[in-house]
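The values are calculated or read from the model by the stated rules, or taken from the named source; none is laboratory data. What you are looking at is a predicted structure, and each value in this text was computed from that prediction instead of being measured. Positions of Cβ are backbone-derived with ideal geometry, glycine not excepted, and every protein chain shown enters the neighbour counts. The protein model used for the area step is the full one, side chains on, heavy atoms only, and it has no ligands, DNA or RNA in it. Shrake-Rupley method; radii C 1.70, N 1.55, O 1.52, S 1.80 Å.
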Amino acid sequence: MSSKKSTLGITVKKDQDFSEWYTQLLQKAELIEYSAVSGCYILRPNAYHIWEKVQEFLDRLIKADGVKNAYFPLLIPESLLAKEEKHIQGFAAEVAWVESGGHSKLPERLAIRPTSETIINDTYAKWIRSHQDLPLRLNQWCNVVRWEFKHPVPFLRSREFLWQEGHTAFATKEEAVKETYTILDFYERVFTELCALPVLKGRKAKTETFAGADYSLSLEVFLPNGKAIQGCTSHHLGQNFAKAFNITFQDEKQQSQYVWQNSWGLATRLLGIMIMMHSDDKGLVLPPRLALTQAVIIPILFDDSRVKVLKEAQKIKSALEKKGISVHLDDREGYSPGWKFNEWEMKGVPVRIELGPKDLEKRQAMVARRDTGEKQALSLAGVDAKIKLLLEQMQQDLHVKAEKFLQQSIVKAENLKDAEKAVSAGKIAFVPWCGTEKCEEKWKERTNAKSLNSPLEQPKMKSGQLCFACKEKANSWFYIGKSY
Ligand code: 87F
C-alpha cells in the first residue's frame, strides 16, 4: 500500500479545534490542494463536482425565470472601475491590477474583476435604447479576485473564487424590487433543498448594505464554530449605476428614463459553509444530492466466494444505477474492507453497502449511513428502492439536524446585557434595533458582534418597543452575532 494513498484520519476533533479540523478535512477528503499563492486554492474533482451541482440547480431556476447566461472580460480598465465611485469605496484596497503586458508597461492599469457591475453596465448603456429592450437580465459564471489581507480560509475567504453574478435592468422599480426577492427565494432553495442548510433570510442593515445599492438582501448561515457567515446577496441598485453609466431608455410615451437595476451573487463560499455544517470527526458528510458517489459497494472477498460475491455486487450496482443513484463498486485488491470503509467515510459517500459470502447466503447486504453511522441488514430483494429512500431520508435528516442547531442558537434579547451574554456564549442574538449607525458603533464594540440581517418576515413588534441598545424606538428585529 503506498503511503501517499493512505487516508489516515483527522487527528483533531471538530468541537475541540475547529479550524485545524477543517484544514485537515479539506486535504484528506481530497477537496482542496494548496497552490503557490496564498489564498488561492486548487479545487479537486470532489469539490468541483459539488460546485457543478450548485451550478446545475441554480442555472435551471434562473433560466426558467428568463435570465440568460453571457460572459464579460476578466480585465476592467481603471477608468471604468472608477466610474461609479461610491460602489468601490471600501473595496479599493482589495483590487488586484495588471500593470504590464510582456515587457511594456500598460498605458492604463487593468483591474482583475472583483465584480462586474462596471463593465456590464458600460455595455448595457450601449444595448438599451427602448422599453422594448427591457428587461435585460444576464448572468455570468466566472472567477473573481479580491486581494484580501485577513488570513485566508479555503472557500470562505479566498483571494480568487468562483461565483455567479447576475446583472439586470428593468423599466420599472417594481419589477426590479420583485426580482431581488425572487432571486433570494432561488438562493434559499439552493441552500435548503440542495445543500440541506437552513438560512436566515433577510435585509441587511444600512452599514452592511453594498455601497452601490439602495438595499441588500442576504441569506446568513450560522456555523458550528459559533460564527455566522453571509451566504449570498441580492442587491437592488436603484438607479445608481444607471446614472453613473447613463443607461436610459425611451418609455412608451417617448420619454427618456433611467433603468432600475439589481445585482446578485452566490460564490463557492457555499461549499465551505456546507462542509463545515455537516461534516464530522471521521471526515466529509455530504447531502446525497451533492455527492459525486452516492453509494459505495464494498465486497468482502475470499478466494472461494469471490466470483459469486462480485457477481451479486455488480447486480446491485446496476439495479441502483437504474434508479438514478451513482454507485461505485470498490473491488480493489490489497486494501482491507475496514481500510476502505474509512476512506469512503472520509470522502463523504452517503451510503455504504457491504456484501460478503455470509450476507449472500442470507440474501441480504449490510447498509451503513454516513451521517448517523447506523447499520442495517437489507434484504437484496428491492434493495434499490430501499436505498433510494434511505438517501432521501438522509438528505432530509441533515437539514432537520442543522435546523435544530440553528434554532437552539438563537436567543431573543431585549437589552444589551442579554445580547452580550448570548453572543459571548456563541449564539446569535435576536434583537429589536433602531438600525442607526451611531447605535451600532456602540454595541459592536461591547459585543464583538455584527448585524447579520433583519428577517423578511418580522415577528410582531410591541407598540413602544425600544431598541435593545440605545433605548430609542426600535425599528425592526435583527439578528446579530460574531461573523466572518
Ligand atoms: C472588492 C473590490 C472592488 C465587493 C469588491 O454582492 C469592488 C467590490 O463591488 C465590490 N467586493 N463588491 C460588492 C459586490 C456587489 C455585488 N456584485 C454582483 C454582489 C453580488 C454580485
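Per-structure values
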quantity: Yes/no for R332 being modelled with pLDDT of 95 or more, of a type in the set (D, E, K, R) and closer than 14 Å to V383 by Cα; calculated: no
quantity: G283 at negative phi, in contact with an Asp or Glu (Cβ under 6 Å, 6 or more places away or on another chain) and either surrounded by 18 or more Cβ atoms within 10 Å (Cβ to Cβ) or of a type in the set (D, E) (or both); calculated: no
quantity: Residues of the stretch 109-118 that turn out to be within 24 Å of W51 (Cβ to Cβ) and not in a strand (DSSP E or B), as a count; calculated: 5
quantity: Residue selected from the stretch 365-378 under the condition in contact with a helix residue (DSSP H, G or I) (Cβ under 6 Å, 6 or more places away or on another chain) and more than 19 Å from V285 (Cβ to Cβ), by the criterion surrounded by the most Cβ atoms within 10 Å (Cβ to Cβ); calculated: A365
quantity: Some residue of the stretch 119-129 being more than 22 Å from S158 (Cβ to Cβ), outside any helix (DSSP H, G or I), open to solvent by 20 Å² or more (accessible area, probe 1.4 Å) and out of contact with any Gly (no Cβ under 7 Å at 6 or more places or on another chain); calculated: yes
quantity: Subset of the stretch 149-176 [touching a Gly at 6+ places or on another chain (Cβ under 6 Å) and within 12 Å of the ligand (Cβ to nearest atom)]; calculated: R159, W163, E165
quantity: The stretch 250-264, subset open to solvent by 10 Å² or more (accessible area, probe 1.4 Å) and in contact (Cβ under 8 Å) with a residue 24 or more places away in the chain, residue nearest to A169 (Cα to Cα); calculated: W260
quantity: Selection count, the stretch 309-350, where residues are of a type in the set (G, A, S), open to solvent by less than 40 Å² (accessible area, probe 1.4 Å) and touching a residue at least 40 places away in the same chain (Cβ under 8 Å); calculated: 3
quantity: W260 in contact with a Cys (Cβ under 9 Å, 6 or more places away or on another chain) and either modelled with pLDDT of 95 or more or within 13 Å of the ligand (Cβ to nearest atom) (or both); calculated: no
quantity: Selection within the stretch 201-221 - over 30 Å from K83 (Cβ atoms) and either open to solvent by 10 Å² or more (accessible area, probe 1.4 Å) or over 19 Å from the mean Cα position of the chain (by Cα) (or both); calculated: K201
quantity: Total residues in the stretch 119-129, condition more than 19 Å from A213 (Cβ to Cβ), among the hydrophobic types (A, V, I, L, M, F, W, C) and within 16 Å of the ligand (Cβ to nearest atom); calculated: 0
quantity: Residue that is nearest to C232 (Cα to Cα), among those in the stretch 286-308 that are touching a strand residue (DSSP E or B) at 6+ places or on another chain (Cβ under 7 Å) and surrounded by fewer than 22 Cβ atoms within 10 Å (Cβ to Cβ); calculated: T293
quantity: Selected residue (criterion: farthest from the ligand (Cβ to nearest atom)) from residues of the stretch 78-113 that are open to solvent by 70 Å² or more (accessible area, probe 1.4 Å) and closer than 30 Å to A171 by Cβ; calculated: S79
quantity: Subset of the stretch 191-200 that is closer than 20 Å to Q408 by Cα and either within 12 Å of the ligand (Cβ to nearest atom) or of a type in the set (A, V, I, L, M) (or both) - its residue that is nearest to the chain's Cα centre (by Cα); calculated: L197
quantity: Qualifying position, being aliphatic (A, V, I, L, M) and open to solvent by less than 30 Å² (accessible area, probe 1.4 Å), among L75, L25, L43; calculated: L25
quantity: Selected residue [more than 16 Å from the ligand (Cβ to nearest atom), free of Cβ contacts under 8 Å to residues at least 60 places away in the same chain and open to solvent by less than 70 Å² (accessible area, probe 1.4 Å)] from S116, S35; calculated: S35
quantity: Residue within the stretch 178-191 that is touching a helix residue (DSSP H, G or I) at 6+ places or on another chain (Cβ under 7 Å), open to solvent by 20 Å² or more (accessible area, probe 1.4 Å) and in a loop (DSSP other than H, G, I, E, B) present; calculated: no
quantity: Selection count where residues are free of Cβ contacts under 8 Å to residues at least 60 places away in the same chain, open to solvent by less than 30 Å² (accessible area, probe 1.4 Å) and assigned to a loop (DSSP other than H, G, I, E, B), scope the stretch 130-165; calculated: 0
quantity: Residue among G66, G102, G39 that alone is at pLDDT 95 or above, farther than 27 Å from V190 by Cβ and of a type in the set (G, A, S); calculated: G102
quantity: V309 vs. criteria modelled with pLDDT of 95 or more, of a type in the set (A, V, I, L, M, F, W, C) and in contact with a Gly (Cβ under 8 Å, 6 or more places away or on another chain); calculated: yes
quantity: Contacts under 6 angstrom Cβ, first residue in the stretch 78-95 being closer than 17 Å to I247 by Cβ, partner more than 10 Å from the ligand (Cβ to nearest atom) and open to solvent by less than 80 Å² (accessible area, probe 1.4 Å), 6 or more apart; calculated: L80/D122; K83/A244; E84/F241; E84/A244
quantity: Selection from the stretch 379-396 of residues that are open to solvent by less than 50 Å² (accessible area, probe 1.4 Å) and in contact (Cβ under 8 Å) with a residue 24 or more places away in the chain; calculated: L380, V383, D384, A385, I387, L390, L391, M394, Q395
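Matching residues to (1) within 15 Å of the ligand (Cβ to nearest atom); (2) surrounded by 20 or more Cβ atoms within 10 Å (Cβ to Cβ); (3) more than 24 Å from W127 (Cα to Cα):
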site: K227; (1), (2), (3): no, no, yes
site: G231; (1), (2), (3): yes, yes, yes
site: A242; (1), (2), (3): no, yes, no
site: I247; (1), (2), (3): no, yes, no
